[in-house]
Amino acid sequence: MSADTKIAELLTELHQLIKQTQEERSRSEHNLLNIQKTHERMQTENKTSPYYRTKLRGLYTTAKADAEAECSILRHALDKIAEIKSLLEERRIAAKMAGVYSDSDPPRKTMRRGVLMTLLQQSAMTLPLWIGKPGESPPPLCGATPASSDYVAKQGDKVAARVKAVDGDEQWILAEVVSYNHSTNKYEVDDIDEEGKE
């Protein structure tokens, strides 16, 4: 199955999940309105009877179940989005290695730093979102969580790389991983900020 076909299937599944989310939200709205009306009745009567307590307990239990169902659908949709982004990135890397570019993804030209920072900011805003369940620890490289000692960055990952300049000084650059050599434990990276190159 080609990447384009797989992406189209994933987009169709994502569309269905978004529709399911809306249906779930519409269904839970009725219950939330009942909770609000029950609270208003309790305030008007100025007392909390066992009847209202029991009714509210049932309504809140249903609301919690509805919220968990919606949350489950949204998590599934986020997984689909991450899968689509992964396939697009794999396709971009394969095209870069083959030297083939589409009109929408031309070969990278030297960019001014302002443009580069804007692209970096857009990329950061679309990073996969991790939403943990209660008691669940964040995965490596999520926020300030460090990677495991045997972690190897994947081809195409954006990194801050410490490199030696021609004059022997070390400096940090914004780069993209090209490859990793296991025998030397060194990465080959491509400097994204080519404006600084002489």
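Quick notes on this one:
- Panel note: the C-alpha atoms of segment 24-79, placed on their principal axes, show extents of 47, 17, 12 Å (largest first).
- Projected label distance in nm at ARG92 and LYS158, using a 7 Å step from Cα toward the beta-carbon: 0.8 nm
- Across the accessible surface of the chain, with the other protein chains kept in place and a 1.4 Å probe, carbon and sulfur atoms take up 56 percent.
- Annotation: amide H-H contacts under 5 Å for LEU141 (H modelled 1.01 Å from N, sequence separation of 5 or more, or interchain): ALA147.
- Taking the longest Cα principal axis of the chain as reference, the axis of helix 3-45 is set at about 30 degrees.
- Residue-normalised accessible area of the chain, given per residue in Å² at a 1.4 Å probe: 74 Å²
- Electrostatic tally near ASP157: other residues with Cβ closer than 14 Å to its Cβ, Lys and Arg +1, Asp and Glu -1, net 0.
- C-alpha long axis of helix 113-125 to longest principal axis of the chain, angle in °: 40 degrees
- Close amide H pairs (under 5 Å, H built 1.01 Å from N) link ILE192 with LEU174, ALA175, GLU176, residues at least 5 positions away or on another chain.
- Cα-based helix-to-principal-axis angle, 50-98 vs the chain, degrees rounded to 10: 20 degrees
- Heavy atoms of LYS80: accessible area, 1.4 Å probe, square angstrom to 10: 30 Å²
- Selected from CYS142, ILE131, VAL177, residue furthest toward positive end of dipole (the chain; charges at beta carbon): ILE131
- Cα-centred dipole magnitude for the chain, charges only on beta-carbon of K, R (+1) and D, E (-1), debye, nearest 20: 1080 debye
- Per residue Cα convex hull volume in Å³ - calculated over segment 1-157: 211 Å³
- In nm, spacing of pseudo-spin labels at SER26 and LEU141 (7 Å Cα→C-beta vector): 4.0 nm
- Dipole of the chain computed with +1 at Lys/Arg Cβ and -1 at Asp/Glu Cβ about the Cα centre; of TYR52, LEU32, ALA161, farthest Cα towards the positive end is TYR52.
The values are calculated or read from the model by the stated rules, or taken from the named source; none is laboratory data. This is a predicted model, so every value here is computed, not measured. Note that we place each Cβ from the backbone using ideal geometry, even for glycine, and neighbour counts take in every protein chain shown. For the accessible areas, the whole protein counts, side chains as well, though only heavy atoms, and no ligand, DNA or RNA atoms are used. Shrake-Rupley method; radii C 1.70, N 1.55, O 1.52, S 1.80 Å.
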